[in-house]
Amino acid sequence: MTRPRILLTRRWPDEVERALSARFDTTLNLDDHPLSAAELQQALREHDAVLPTVSDRLDARVLAVASPRARILANYGVGYSHIDVDAARAAGLTVTNTPGVLTDCTADLALTLMLMVARRAGEGERELRAGRWRGWRPTHLVGSRLSGKTLGIIGMGRIGQAVAMRAQHGFGMKVVFQNRSRLGPAQLGTLQATQLERVEDVLAQADFVSLHCPGGGANRHLIDASRLAAMQPHAFLINTARGDVVDEQALVEALQAGRLAGAGLDVYEAEPQVHPGLLALENVVLLPHLGSATGETRVAMGMRVVDNLIAFFDGRTPPDKVA
Ligand code: DGY
């Protein structure tokens with residue numbers, strides 16, 4: 001029996017590439033270069049499955065490729081706003097993602113950013129490595145503490161809840177949140193968190209705002225100039241969700257004008273490009289999209305893709321089908 005032909009758009013953990021190669025006729029991206037639109041279209045024409053990541057733009061134009069062979073886009077990642085799901089559906093493609101397995105690591109990274117920006121860890125490290133540290137003194141790099149502060153969460157799905165748990169149980173923070181649907185006590189479990197009606201209500205109360213909603217669609221620039229103005233001037237903005245949720249230009253202007261205490265960012269509007277205004281600011285911590293970047297999680301994400309593909313090619317509904 002011929003094995004389905006699959007293509008991975010980037011290098012994946014060895015263990016997962018081996019598991020895929022054992023079952024499928026697998027094309028690897030040996031030099032790990034980001035695929036161009038033309039290469040993505042070639043992949044769609046020549047493979048039964050294309051396995052993209054957040055670095056691939058699968059928009060309506062790319063998906064309109066003539067005579068595609070592909071029947072499934074098995075995405076490596078939970079977020080899939082880089083895929084035009086309607087266009088994929090129209091092209092007869094099933095789309096899957098990898099929920100659940102990266103919740104803890106992404107939540108840990110949100111806390112990392114909160115601590116780094118509030119405690120000025122990036123500034124301190126830059127100073128020390130540059131040989132500019134002049135020793136301990138009471139007024140040196142004084143930051144803000146997390147303990148007892150209010151954390152505002154936008155998007156209280158799995159990751160939002162994991163961040164809230166850490167903040168509440170680890171740092172004694174009060175948690176307020178906004179979510180599209182109303183969450184009941186069963187979903188919140190041991191979490192003491194107050195759901196507020198509007199994004200603005202959360203922004204007005206929070207000392208730290210952490211974003212955990214999907215990117216794309218109506219969430220593009222959800223945090224725009226007017227919402228940034230609704231935040232308290234001593235507050236910090238944390239984004240581990242998707243870059244386009246924040247209007248980066250408006251964020252730079254708010255930070256430059258001192259209307260916000262700082263920001264901790266793991267995602268950007270035009271990755272891997274970062275707004276030069278952000279690079280110039282000391283009170284911003286900038287990480288290169290590391291939310292899920294632990295060995296355990298990256299393997300688990302890959303194995304989730306393996307399960308989705310096996311189900312699909314066995315004629316079953318993949319467990320993580322999103323379209
Ligand atoms: C995710 O899973 O959404 C990560 O951000 C990588 O795409």
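The values are calculated or read from the model by the stated rules, or taken from the named source; none is laboratory data. All values reported here derive from a predicted model rather than from experimental measurement. Don't worry about glycine lacking a Cβ; one is built from the backbone with ideal geometry, like all the others, and counts go over all protein chains shown. In case anyone asks, the SASA skips ligands and DNA or RNA and just uses the protein heavy atoms, side chains included. Shrake-Rupley method; radii C 1.70, N 1.55, O 1.52, S 1.80 Å.
Only residues that are more than 12 Å from Asn239 (Cα to Cα) and more than 16 Å from the ligand (Cβ to nearest atom) were counted in the stretch 275-292, giving 9. Being among the hydroxyl-bearing types (Ser, Thr, Tyr) and either over 20 Å from Gly262 (Cα atoms) or open to solvent by less than 60 Å² (accessible area, probe 1.4 Å) (or both) is the filter here; which residues of the stretch 129-146 pass it? Answer for the stretch 129-146, where residues must be among the hydroxyl-bearing types (Ser, Thr, Tyr) and either over 20 Å from Gly262 (Cα atoms) or open to solvent by less than 60 Å² (accessible area, probe 1.4 Å) (or both): just Ser144. With respect to the conditions (1) closer than 29 Å to Arg158 by Cβ; (2) in contact (Cβ under 8 Å) with a residue 60 or more places away in the chain; (3) open to solvent by 60 Å² or more (accessible area, probe 1.4 Å), Arg11 lacks only one, and its number is (2).
Only helices (runs of 4 or more DSSP H) wholly contained in the stretch 241-323 count here; list those with 1 or more residues that are crowded, with 19+ Cβ neighbours inside 10 Å and not small (Gly, Ala, Ser).
Details: elements: 248-256, 276-279, 295-313.
Correct list: 248-256, 295-313.
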